[in-house]
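Report on the structure given below.
The values are calculated or read from the model by the stated rules, or taken from the named source; none is laboratory data. Nothing here was measured: the structure is a model prediction, and the numbers come from that model. All Cβ positions, even for glycine, are placed from backbone atoms using ideal geometry, and neighbour counts span all protein chains on display.
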Amino acid sequence: MIVAERKSLDEILAMLQGCSRVLVAGCGTCVTVCMAGGEKEVGVLASLLRLAARRDGRTVEVGEATVERQCEWEFVDRLAPVIGGYDAVLSMGCGAGVQTIAQRFGGARVLPAVNTKFIGIPEKQGMWVEMCLGCGDCILDRTGGICPVARCSKSLLNGPCGGSQGGKCEVSQDITCAWQLIYDRLAALGRLDLLEKEFAPKDWSKNRDGGPRRVTREAIML
Amino acid sequence: MQSSRVVVVGAGVAGMSTARSLAAAGARVTLIEARERVGGMAADYACKGTDRCNKCNVCLVHDLVRDVTSRPAIEVMTGCRLDGAQALPAGGYRLRVGGREADCSAVVLATGFEPFDASGRPELGYGVHPAVITALDLERALRDGGALEEKLGRPVASVAFVQCVGSRDLRCGRGYCSRVCCMYSLRMARAVRHRNPSAEVTVFYMDFQGAGKDPGDLRRKAEAEDGVRFIRARPSEVAPVGDDGRAMVWFEDPDAGACRLAAFDLVVLAVGIAPDRDARALADMFGLGVDEFGFFAPADRADAAVTRAPGVFIAGACGGPRDIAESVADGERAALAVLREQAARRARERAALSLSAGTWPGRRVLPGKPETMEVSSTVLVLGGGVAGMEAARMLSDLGCRAVIVEEGPYLGGQAGGASSLLARMDEDASVDVLVSSRLARLGGQVGSFEATCEGPGGLVSEVSAGAVIVATGCRRELPEATRELASRDDVVGLSALEEMGLPWAGGEENDGDCAGGGGRAVIWVGVRPDTARAVFHQALCAALSALAAGWEVYVLAPEVAVPEPGDERLYLEARGAGAVFVKYREEPQVEAGAALRVIVMDPSLGGGAGDDVPGALAIDADVLVVSEEAYPQSGTSHLATVLQVNAGPAGFFQDDNVNFLPVLTNRRGIFAVGGCRGAAALSDAIFDAHVAAYLAARLVGTGRLHVDWATARVDPKKCALCLTCIRTCPHRAIDVDGEARAAKVSRAACWGCGTCASECPGKAICLESCTDDEILAQVTPAVTAFCCDHSALIAARTAMASGPSGVAAAGLNVIPVPCSGKVDVIHLLKAFEQGAAAVMVAGCFDEGCHFLSGNRRAHLRVGEVASLLRTVGIEPERVRFYHIGPDMSAAFLKAAEETMQVARELGAVTGRRAG
């Protein structure tokens, strides 16, 4: 899933300067699951905005609306009846959600309430870690199901580097060296032979090098 | 026609528990109480919670009071005495109660105890020196959580507890241990320190009698965190001193080996448990036996609730010393005994044992008709030792089918089991046995568990069961220090003693150099405090049999644990016969050459300052008997994962939480009995098994379960399947519903805390009886206190009823919640939005939450709201969390005052304040 994290209140309040009617828009998919922008977080943020206004002696009208997925036209359409009454839409969806709303409602000022961080998993309840960079050229078949592109601090394809000490990355003791994990896993699988063939330099053209990417399935296009 | 009503005499803990249990099983009950209120002695006790729950169990009393006074099946008569009883020809009794006559089918006596009258030990100065009080006086002073000095009218900078006042004392005819005093003193010592952090607390004691899941932990904390000093001495006199009114305690200092005087502001006499003064008259009324001390005696030690009078049962401390948790469990036992006797009377209608479809007491009850579910009345019993077999036997008696899953090739376990019990397992058509099998998977919930068992040769059996009883026992091994001696012929484990043949039985087996015909045995009982009481009886029996064979006996133990009935007598007998008991502080050393030599330091032999010869004792032993320590079975953590139940102290099953005693786990319908939940004597394990079988039968035995309590519900349309609720639920009551593609709460398994509803990021869960809308409708601009039903709400109501306190006048808005875990971040923020200037959340003490962890979550959320408020420039101290026990009305007032003071000082959250 896409993992996001709410921006600081200071940053959000600075964005909203001058807005007296704000719609906080949540998304019922990834950001609900990663607890950054579902209905509950919408309620919390809306409450905080009202309290901040009260503290400053301002009046503010804060609306709350959560749609199934902010990255779908049909779902975003459901905001249509209410959106016109607001000075700004504070989207708690990921970057795709913010842009979908902005694109759908040309006249609306749409602001991001969260920072979209990565594609990842909850390592445990309340902690999410990055697992995939979306590089466009998956090599997990050769690395024991552990991605060095996302999980090695340097995205090395022929690791580890000299900064791997005791299985930890020199960048932080909280990061386990991805290449250590790869080695251990391949050893357990009896496939250390996979490491004998070096990786060629990565073809980044499948990533951002070619500009914004697009996936097309003609068979299902109308 | 005979009345089916059961009369319970005495509305203390045991009586209330009996009544609640009988009512839950479908009986009609009259509960009569001589006082004007229900609750018994324990209703005067204080919650000893400090920074956390100290497991005093006093909160259970409040739950019981609520349950017995709110159930229509229980008629409560206070201010009434039982004046007479006449046995009816068809069974049952005609009772005279407060000038009225009533027929009943059975009588349960739960008349409790009296505290020992401390003036019976005049040398201790009770009633003479104002500085000397009893533990009961201190209980009352600690009640309501207020300042101790005010309550007692004196300083409490130094406090001494004197143990064994009226216990283990032949001079006043009390040759027994009162079983509860060591633990209550320990808890009170912690509570005193908590209220007065500079107080110095000393405990004068003989032997530490641990009870509960982890008494050693409590004692370590008292010593390490609170600086409580334990001095092994029995003070001979308490005298007043000087003008400061302090009391002088004379005692023999074990370190100095000399008599010393120490002055204390307060001397607390830990009075023991004595029989009720009316016990003898009641015994005569029904023709019951009493023991030598005056407690009601059961007809058979194996079934402590059954007396020799038909239709008359006993529960609680009227049958001998019990603590609160034991009295609650005793009530279940008595209820079971009543129901079994009634079933036996109607022997031909086996199924007619009058269990009604189960409900579960102690939760928020929903008005209206309960939802009835079809459930399986089969109970899966894991472990085929004595506890497992006893559970199966009882289940069969109660009309359930039992399936025993035993890992080994035979039933019997460590204790073997009586042949009659083994034969019963063989013959009983309601008991199925899978040997050489283990539970591989458990799906489903209470009422409809689906168990997958793997048997020999990969044979897989699927068992549908309504409930599960875990009776997998424990592993007994010599303690670490002696493990390498295990192969020696002259070293033997205590529990293996009889099996191996007593070394002192018969001269020819005895090849040691024995002086005067007998040898010399050392019996070393060095186990943890929670396991000591389970093995000490065996140690004393071993000592006596060796003494009888003409052997010299040394018993080495850090504490002599004699809380079990009759053990004090055995201890005195062994001492009288010449056994030497050494209460050591440092582990004995064993020199194991060709012969054995045990070296132990005996503090009573001196070794203090000025003593040239330390108190070392070198014992050349012919035999060393070592008590085995109990450890969890090796597969316990794996089984815990399969069952999704929690492990507690030392890795045994069951959380260390008073609400779960004796046999509950964090999942409804899964019970832990005997050694798997901590070391247990065989009799305790059997007791556990019976209680669990009874609870399981009450829950699912009729094939129907009435869910009348409030539960959480998931709106599948809003559920994002984020799994948060499933991970959060302390009771593992939520699963993924594949069809609906949403989380689904099992109503039967849900305890109704609402923690999941507050944690859900999609707001897809609501708790019946306490929905978000219902909570928000109660939010006003007033200072608000969210209060847990089980603790702070009771304290709040007492505080508000106690006259013109500041709280009610200032309009504190109290919002009840079933658990503080139901209080959500959003509720707190909404209160501020509504204009509240300060908000508090008050719940149970850590480790004492009725729902396991709701209060910890609430505490975390309060912390989160504080930091959220800070981010918008609002003072974080406006939101506060408090632990409040149910009796702590003064503590509640203080917390409320503090919160309202914050509100007054900071004013409303409105407009930017100057500066």
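When only residues in segment B:741-760 that are touching a helix residue (DSSP H, G or I) at 6+ places or on another chain (Cβ under 8 Å) and not in a loop (DSSP other than H, G, I, E, B) count, which is surrounded by the fewest Cβ atoms within 10 Å (Cβ to Cβ)? Only one residue fits best here, namely B:759.
Selection of segment B:717-740 for residues being more than 27 Å from the chain's Cα centre (by Cα), surrounded by fewer than 24 Cβ atoms within 10 Å (Cβ to Cβ), under 24 Å from residue A:126 (Cβ atoms) and more than 13 Å from every other protein chain (Cβ to nearest Cβ) yields B:735, B:736. Scan segment B:648-669 and tell me whether some residue there is basic (Lys, Arg) and closer than 22 Å to residue B:442 by Cβ. So far as segment B:648-669 goes, yes, one or more of its residues are basic (Lys, Arg) and closer than 22 Å to residue B:442 by Cβ.
Go through segment A:68-166 and tell me which helices (runs of 4 or more DSSP H), entirely inside it, have 1 or more residues that are within 14 Å of chain B (Cβ to nearest Cβ).
Values: elements: A:73-76, A:80-83, A:95-104, A:148-151.
Ranges flagged: A:73-76.
Look at segment B:668-688 and say how many of its residues are under 20 Å from residue B:449 (Cα atoms) and either among the small types (Gly, Ala, Ser) or buried (at least 24 other Cβ atoms within 10 Å of the Cβ) (or both). I'd like the intermediate steps shown before the answer.
Let us first name the residues in segment B:668-688 that are under 20 Å from residue B:449 (Cα atoms), namely B:668-673.
Next, only the ones that are either among the small types (Gly, Ala, Ser) or buried (at least 24 other Cβ atoms within 10 Å of the Cβ) (or both) stay: B:669-673.
Within segment B:668-688, residues that are under 20 Å from residue B:449 (Cα atoms) and either among the small types (Gly, Ala, Ser) or buried (at least 24 other Cβ atoms within 10 Å of the Cβ) (or both) number 5.
Residues in segment A:3-21 that are within 14 Å of chain B (Cβ to nearest Cβ) and outside any loop (DSSP other than H, G, I, E, B): 10 in all.
Does residue A:36 satisfy the criteria of being in contact with a strand residue (DSSP E or B) (Cβ under 9 Å, 6 or more places away or on another chain) and either surrounded by fewer than 15 Cβ atoms within 10 Å (Cβ to Cβ) or facing chain B (nearest Cβ under 9 Å) (or both)? It would help to see each step written out before you state the result.
On the way: in contact with a strand residue (DSSP E or B) (Cβ under 9 Å, 6 or more places away or on another chain): yes; either surrounded by fewer than 15 Cβ atoms within 10 Å (Cβ to Cβ) or facing chain B (nearest Cβ under 9 Å) (or both): yes.
Yes; evaluated as a whole, the condition is true for this residue.
For segment B:84-115, the set of residues classified as touching a helix residue (DSSP H, G or I) at 6+ places or on another chain (Cβ under 8 Å) and closer than 30 Å to residue B:888 by Cβ consists of B:110, B:111, B:112, B:113, B:115, listed by residue number.
Scanning segment B:456-484 for residues that are modelled with pLDDT of 95 or more, in a loop (DSSP other than H, G, I, E, B) and farther than 21 Å from residue B:678 by Cα returns a single hit, B:466.
Checking B:238, B:268 one by one, the residue that is over 20 Å from residue B:183 (Cβ atoms) and of a type outside the set (Asp, Glu) is B:238 and no other. Quick one: in segment B:859-881, which of the residues that are touching a residue at least 40 places away in the same chain (Cβ under 8 Å) and either away from chain A (no Cβ under 11 Å) or closer than 28 Å to residue B:660 by Cα (or both) is surrounded by the fewest Cβ atoms within 10 Å (Cβ to Cβ)? Selected residue: B:880. Looking for something surrounded by fewer than 24 Cβ atoms within 10 Å (Cβ to Cβ), aliphatic (A, V, I, L, M) and either in contact with a His (Cβ under 6 Å, 6 or more places away or on another chain) or not in a strand (DSSP E or B) (or both) - is there at least one such residue anywhere in segment B:8-20? The answer is no, given that none of the residues of segment B:8-20 is surrounded by fewer than 24 Cβ atoms within 10 Å (Cβ to Cβ), aliphatic (A, V, I, L, M) and either in contact with a His (Cβ under 6 Å, 6 or more places away or on another chain) or not in a strand (DSSP E or B) (or both). Annotation: residue B:715 fulfils all but one of (1) under 25 Å from residue B:659 (Cβ atoms); (2) acidic (Asp, Glu); (3) without any contact (Cβ under 8 Å) to a residue 60 or more places away in the chain; the unmet one is (1).
The condition (being outside the structural domain of residue B:215 (by TED's automatic domain parsing), in contact (Cβ under 8 Å) with a residue 12 or more places away in the chain and either at positive phi or not aliphatic (A, V, I, L, M) (or both)) is satisfied by just one residue among B:125, B:91: B:91.
Candidates are the residues of segment B:820-852 that are assigned to a loop (DSSP other than H, G, I, E, B) and within 14 Å of another protein chain (Cβ to nearest Cβ); the one that is nearest to the chain's Cα centre (by Cα) is B:823. Within segment B:497-513, residues that are under 12 Å from residue B:625 (Cα atoms) reach partners that are surrounded by 10 or more Cβ atoms within 10 Å (Cβ to Cβ) and modelled with pLDDT under 75 with beta carbons closer than 7 Å, at six or more positions or on different chains, in the pairs B:503/B:509; B:503/B:510; B:504/B:510. When segment A:108-147 is filtered for residues that are without any contact (Cβ under 8 Å) to a residue 12 or more places away in the chain and under 25 Å from residue A:76 (Cα atoms), nothing remains.
Residues checked against (1) without any contact (Cβ under 8 Å) to a residue 60 or more places away in the chain; (2) under 24 Å from residue B:677 (Cα atoms); (3) small (Gly, Ala, Ser):
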{"site": "B:367", "(1), (2), (3)": "yes, no, no"}
{"site": "B:370", "(1), (2), (3)": "no, no, no"}
{"site": "B:374", "(1), (2), (3)": "no, no, no"}
{"site": "B:381", "(1), (2), (3)": "no, yes, no"}
{"site": "B:386", "(1), (2), (3)": "no, yes, no"}
{"site": "B:391", "(1), (2), (3)": "no, yes, yes"}
{"site": "B:395", "(1), (2), (3)": "no, yes, no"}
{"site": "B:404", "(1), (2), (3)": "yes, yes, no"}
{"site": "B:410", "(1), (2), (3)": "yes, yes, no"}
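Taking the criterion of being away from every other protein chain (no Cβ under 14 Å) and part of a loop (DSSP other than H, G, I, E, B), the residues of segment B:761-788 that qualify are B:768, B:769, B:770, B:771, B:780, B:782, B:783.
Only one of A:41, A:11, A:68, A:74 is of a type in the set (Asp, Glu) and more than 21 Å from the chain's Cα centre (by Cα). Can you tell me which? Before the answer, list the steps.
On the way: A:41 fails: more than 21 Å from the chain's Cα centre (by Cα); A:11 fails: more than 21 Å from the chain's Cα centre (by Cα); A:68 fails: more than 21 Å from the chain's Cα centre (by Cα).
Answer to the check: A:74.
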